[in-house]
Structure formats: structure tokens, C-alpha cells
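Report on the following structure.
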Amino acid sequence: MSTNRRKQQARQRAARERAARQARRERAAELFAQGRSQAEVARELDVSRQSASRWHAGWQASGAPGLRTRGPTGRRPKVADDQLVGIEQALLEGALAHGFATDVWTLDRIAMVIQSLTGVGLSNPSVWRLLRGRLGWSVQRPARQAKERDQEAIQHWVAHEWPRIKKGQPQNRPGLSSSTNPASR
């Protein structure tokens with residue numbers, strides 16, 4: 001399962017949990033309207049007395065609307081979820097398709113593409129978090145090769161020179177003459 005899919009499932013699970021908590025608060029409002037005490041509401045809904053007390057204060061101040069959820073916590077992302085598909089598609093097209101000299105993506109280049117697509121300017125760390133956390137991408141470094149590399153010369157060397165080197169010296173050649181060599185005594 002891709003990281004992007006797991007993130008989406010986590011967001012959906014968080015939304016379901018928020019809805020369940022909201023339903024519990026709405027039930028608390030009904031119970032308070034029936035004249036139930038905070039302790040009874042806490043017991044029936046299986047919540048702490050502090051939560052029941054906080055809900056009761058909100059209910060007394062502004063009724064059932066005072067117990068509404070405030071939505072997801074944290075700052076909303078600058079780049080919306082529906083914009084991620086377009087960004088990912090643009091990145092898959094390659095850097096050359098967006099007017100860059102080489103087909104290598106850098107954080108600066110990605111930030112420029114994101115700004116042209118969405119109008120949102122992101123710093124390099126923010127671009128990295130978007131790629132890693134929300135799109136599930138990872139670092140891909142191109143393999144380095146010398147510009148002077150001659151593939152034909154390499155193939156010739158591997159086919160002809162390497163077998164000769166690997167085979168070693170021919171056996172019919174006379175050996176070294178040395179007083180320490182047992183064959184030359």
C-alpha cells in the first residue's frame with residue numbers, strides 16, 4: 001500500500017472519529033435537556049466528568065450549537081488535497097517538459113512548478129514535506145557517469161582484454177631463475 005493511500009485512510013479515519021465524538025456531544029445535549037446531571041451524562045456516555053462539565057457549560061451558554069466540533073485541528077495545508085494530483089502529474093511529466101535544461105528535479109525547481117500550478121510559494125523544507133509526507137515520494141539520485149565515457153571501448157575491453165588478464169600468464173613461458181625458486185635449482 002502506498003504512503004499516499006495510508007495518509008488518505010488516516011484522514012478518513014480521523015474524520016469518522018470526529019463525527020463519532022460530535023454524535024456523543026449531541027447526545028449529551030439531549031440528556032442535559034432532559035434534566036440529567038453531569039455525572040449521569042458522564043456515566044452513560046462513558047466520558048470523564050471533566051468532559052461532561054465542559055459540555056454542560058457550553059450547552060448552558062449557547063445550547064446544542066455550543067457543542068459543535070471545531071473541525072480538524074492544526075493548520076490547514078497551503079496546498080489542498082485536490083491540487084496534489086495535478087502536482088504529481090506535472091512532476092511525472094519531467095523537468096524538461098517544464099522548460100528546465102536537464103531532466104533532474106531539485107527542490108527549487110519543484111517549488112517553481114508548484115507555484116506556477118497553484119499560486120502557492122513553498123520553501124524547500126515545505127516542498128520536501130509535501131513530496132515525502134503527502135505524495136509518498138523519496139530521493140532518487142541519478143547514476144553518475146563520466147562525460148568522456150566510451151561505451152564501445154568498454155565493451156571491447158570486457159570482451160577481449162579482461163579474459164586475457166583473467167587467464168593469467170601463459171604456462172609455456174620459462175619461469176624466473178632464482179636461487180629461492182625450487183624449479184630453477
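The values are calculated or read from the model by the stated rules, or taken from the named source; none is laboratory data. Not measured: the values here are computed from a predicted model. Heads up, the Cβs are rebuilt from the backbone with ideal geometry, glycines too, and the neighbour counts pull from every protein chain shown.
Residues in segment 111-125 include none that are loosely packed, with under 10 Cβ neighbours inside 10 Å and farther than 30 Å from Ala10 by Cβ. Within segment 1-52, restricting attention to residues that are part of a loop (DSSP other than H, G, I, E, B) and within 27 Å of the chain's Cα centre (by Cα), the residue that is modelled with the highest pLDDT is Ser2.
Quickly run through segment 93-108 and pick out the residues that are assigned to a helix (DSSP H, G or I) and of a type in the set (Asp, Glu). Correct list: Glu93, Asp108.
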